[in-house]
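Single-structure report; data block below.
The values are calculated or read from the model by the stated rules, or taken from the named source; none is laboratory data. What you see is a predicted model; the values in this text were computed from it and never measured. No Cβ is skipped: glycine too gets one built from the backbone with ideal geometry, and neighbour counts run over all protein chains shown.
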Amino acid sequence: MAKPIYFYGIHAIDALLDHRPLDGLSLFVQQGRESDSHVKSIMAQADANGISIQSAQKDKLTQLCGSPQHQGVVLHARPLGFADGGLLDTIAGREQCLLLVLDQITDAHNFGACLRTAVAMGVDAVVCPKHHAASLTPTVAKVSVGAAEMMPIVSVTNLARTLAQIKQAGVFVFGTALSADAKPIHAADLTGKTAIIMGSEGEGMRRLTTESCDELVYIPMSGNEHGNLQSLNVSVATGMALYEVNRQRTLAAGQV
């Protein structure tokens, strides 16, 4: 069993206690923060699930979690695990689905922000490679403001093979890239079973990932015919791409 780690931040801990309370072991609360309504709610959740509660100085919490951004609460808990790979077969087999594929996103803050956006935009699951990618750390949990606990995250050994499998199930794979072959994202039909691939912070999508795409798209930007995806933070670009998916689907459903 994986070694317990220290999670921090009100939203991250609240989501953990909501979704897997049995994984919580000890809650550390900053002295003087016990009357805060959010902290009181977390303490009540912890108490209801038999999790020990200890009072500690602010510096002690910073030392435990390695960050001053703990918001007065730190939870010693078992780490979050990746979802079973078989879940992708189930999701891809549905009549409609939306997958977000992150190809070697290594920055924990970018990864967490992408997860937060994925939950907000109705993504069914996030897919990432097992190697050269950010893991499910407490920092990811904090930045995602709890989204890491809500979104199935599937880690795969061979991303190209996984993309081939979901394509066989009828999922259309769009890759974001600066390429002469790419079209503006708003000109692509994103209303069906869709997977959106976002490349790494520096290099974009790898060659085999690019070759696995059904179509390449880019985000148009003012003053540049082909835009400049690399000038956008990957989490910002992810939000823009997923918003376009939702915009098209809302129009197709006649909800506007």
Quick one: Asp14 ticks every box in (1) out of contact with any His (no Cβ under 8 Å at 6 or more places or on another chain); (2) assigned to a helix (DSSP H, G or I) bar one, so which box is it?
(1)
Mind listing whichever residues of segment 74-101 are assigned to a strand (DSSP E or B) and under 12 Å from the mean Cα position of the chain (by Cα)?
Leu99, Leu100, Val101
Restricted to segment 150-161, and to residues that are out of contact with any Ser or Thr (no Cβ under 9 Å at 6 or more places or on another chain) and in contact (Cβ under 8 Å) with a residue 60 or more places away in the chain, which residue is nearest to Gly122 (Cα to Cα)?
Pro152
Given (1) within 22 Å of Leu87 (Cα to Cα); (2) of a type in the set (A, V, I, L, M, F, W, C); (3) surrounded by fewer than 21 Cβ atoms within 10 Å (Cβ to Cβ), index of the condition Ala147 fails:
(3)
Based on what the data block shows, is Ala125 modelled with pLDDT of 95 or more, exposed (fewer than 15 other Cβ atoms within 10 Å of the Cβ) and hydrophobic (A, V, I, L, M, F, W, C)?
no
Please verify whether segment 51-73 includes one or more residues that are in contact with a strand residue (DSSP E or B) (Cβ under 6 Å, 6 or more places away or on another chain), outside any helix (DSSP H, G or I) and at positive phi.
yes
1 or more residues at negative phi, β-branched (Val, Ile, Thr) and in the same structural domain as Ile219 (by TED's automatic domain parsing): qualifying helices (runs of 4 or more DSSP H) within segment 102-203
108-120, 138-143, 159-168
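Can you find a residue in segment 22-38 that is part of a helix (DSSP H, G or I), touching a strand residue (DSSP E or B) at 6+ places or on another chain (Cβ under 7 Å) and of a type outside the set (Phe, Trp, Tyr)? Full working, then the answer.
Just the residues of segment 22-38 that are part of a helix (DSSP H, G or I), to begin with: 22-23, 37-38.
Right, trim to touching a strand residue (DSSP E or B) at 6+ places or on another chain (Cβ under 7 Å) and you get 23.
Now drop any that are not of a type outside the set (Phe, Trp, Tyr), which leaves 23.
Yes, the conditions are met somewhere in segment 22-38.
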Given the criterion more than 26 Å from Val154 (Cβ to Cβ) and either in the same structural domain as Leu190 (by TED's automatic domain parsing) or not aromatic (Phe, Trp, Tyr) (or both), identify the matching residue among Ala77, Ala15, Ala56.
Ala56
